[in-house]
1. Checking Leu264 against (1) within 24 Å of Gly279 (Cα to Cα); (2) aliphatic (A, V, I, L, M); (3) touching a Lys or Arg at 6+ places or on another chain (Cβ under 6 Å), only one condition comes out false. Which one?
2. Would you be able to say whether some residue in region 230-249 is farther than 29 Å from Thr31 by Cβ and out of contact with any Asp or Glu (no Cβ under 9 Å at 6 or more places or on another chain)?
3. Residues that are modelled with pLDDT under 80 and surrounded by 13 or more Cβ atoms within 10 Å (Cβ to Cβ): which helices (runs of 4 or more DSSP H) entirely in region 47-124 hold 2 or more of them?
4. Here are some residues: Pro246, Pro256. Which one is in contact with a Ser or Thr (Cβ under 7 Å, 6 or more places away or on another chain) and farther than 17 Å from Leu32 by Cα?
5. Only one of (1) at pLDDT 65 or above; (2) farther than 20 Å from Glu260 by Cβ; (3) among the hydrophobic types (A, V, I, L, M, F, W, C) fails for Leu18. Which number is that?
6. Can you find even one residue in region 248-260 that is under 22 Å from Ser48 (Cβ atoms), aromatic (Phe, Trp, Tyr) and surrounded by fewer than 16 Cβ atoms within 10 Å (Cβ to Cβ)?
7. Here is a list: Thr189, Thr282. Which entry is among the β-branched types (Val, Ile, Thr) and out of contact with any Asp or Glu (no Cβ under 9 Å at 6 or more places or on another chain)?
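The values are calculated or read from the model by the stated rules, or taken from the named source; none is laboratory data. Source: prediction; values computed, not measured. Glycine gets a Cβ as well: all are built from the backbone with ideal geometry, and neighbour counts include every protein chain shown.
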Amino acid sequence: MTFFRLIAVLFKDMARDLYRHRGQHVLVVLTLASGLLLAGGGLLAVESLDRWVSRMESMAKVTVFAPEGGHLDEAEASLRRDPRFRAVRRVSPKEATERFLASSREAGLLLASLGGEALPESLELDLRPDLLADHRALEVGESLRSLPGVGDVVVDQERLATLQRSARVMRSAFSLMGFILLLAAGFSTGNVIRMSILSREEEITIMRLVGASESFIRTPLLLEGAFLGLSASILSALALLTFWLPIRRGLWGIPPLFVEMARLGFFSARSLALLASVGTLTGALGALWGFWSTQRAQRRQAALYQEVEG
């Protein structure tokens, strides 16, 4: 029973302090949320791309293109007998051009800039499941370049790997910017906690006189910082959801690739938990720094007074 009373006192103390300095706390939450928005945005983009790549890997193909003015009759006959491929499908220049124009709004302008000529005919090759790995698919693609009548070979796995590398770079950039903002937000949280301690200095002194431990005094402040961090995590997740929903619906002329990635889902439960944990931990550590730095300053001030009096 005593334990629950203690918990009630701690939460009441935290709620009173949150209301007392609500203006500064709102600023801290917004700063924390900004950092989490950048870091979480990078994480969401990479997570969505990973889902899309995993889906596309099972459908990845090797595409063989005819040279300009050429045809693929001889190559098709050879590839239909090749056991490495489950299926061989011939794509006419008309169908290839229609696909390209449907891929994006800018495709027509690009095709017009190239003279408006139809794309060359091609062969789409479905690899055996055991050849879908990146390096094996690339080896197969290289072996097809020497076939008669082949102008170019495109391996989907190579493009997917490039996308994944770009996503990792993007995640690193967003995470770095988010970390800088989170660091600033942690110090902002600490400064608010310092203000809270100074405004309650008389109350804290009385608590120490009646035997309250440092952990008892520190706990409400840590809970306060953790609450601010959790609030910022929720705010950043809602902000990301607000951006994600229009992308999922294909608004604002967003490229089809991004729409498809968004439709594969929002944050996973694991990533949401990670976002909440980072925000909560940042707030709690900022509060701990604020408490520790205030205690250190007060001890130095007390020591200075003793020297002056001595």
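1. Going through (1) within 24 Å of Gly279 (Cα to Cα); (2) aliphatic (A, V, I, L, M); (3) touching a Lys or Arg at 6+ places or on another chain (Cβ under 6 Å) one by one, Leu264 breaks only (1).
2. Just the residues of region 230-249 that are farther than 29 Å from Thr31 by Cβ, to begin with: 249.
Still in the running and out of contact with any Asp or Glu (no Cβ under 9 Å at 6 or more places or on another chain): 249.
Checked region 230-249: at least one residue is farther than 29 Å from Thr31 by Cβ and out of contact with any Asp or Glu (no Cβ under 9 Å at 6 or more places or on another chain).
3. Values: elements: 73-80, 93-103, 107-113.
Correct list: 93-103, 107-113.
4. On the way: Pro246 fails: in contact with a Ser or Thr (Cβ under 7 Å, 6 or more places away or on another chain).
That would be Pro256, the only listed residue that is in contact with a Ser or Thr (Cβ under 7 Å, 6 or more places away or on another chain) and farther than 17 Å from Leu32 by Cα.
5. It is condition (1) that Leu18 fails.
6. Of region 248-260, the ones under 22 Å from Ser48 (Cβ atoms) are 248-260.
With aromatic (Phe, Trp, Tyr) added as a condition, the list becomes 252, 258.
Narrowing further to those that are surrounded by fewer than 16 Cβ atoms within 10 Å (Cβ to Cβ): 252.
Checked against the condition, which is being under 22 Å from Ser48 (Cβ atoms), aromatic (Phe, Trp, Tyr) and surrounded by fewer than 16 Cβ atoms within 10 Å (Cβ to Cβ), region 248-260 yields at least one hit.
7. Thr282
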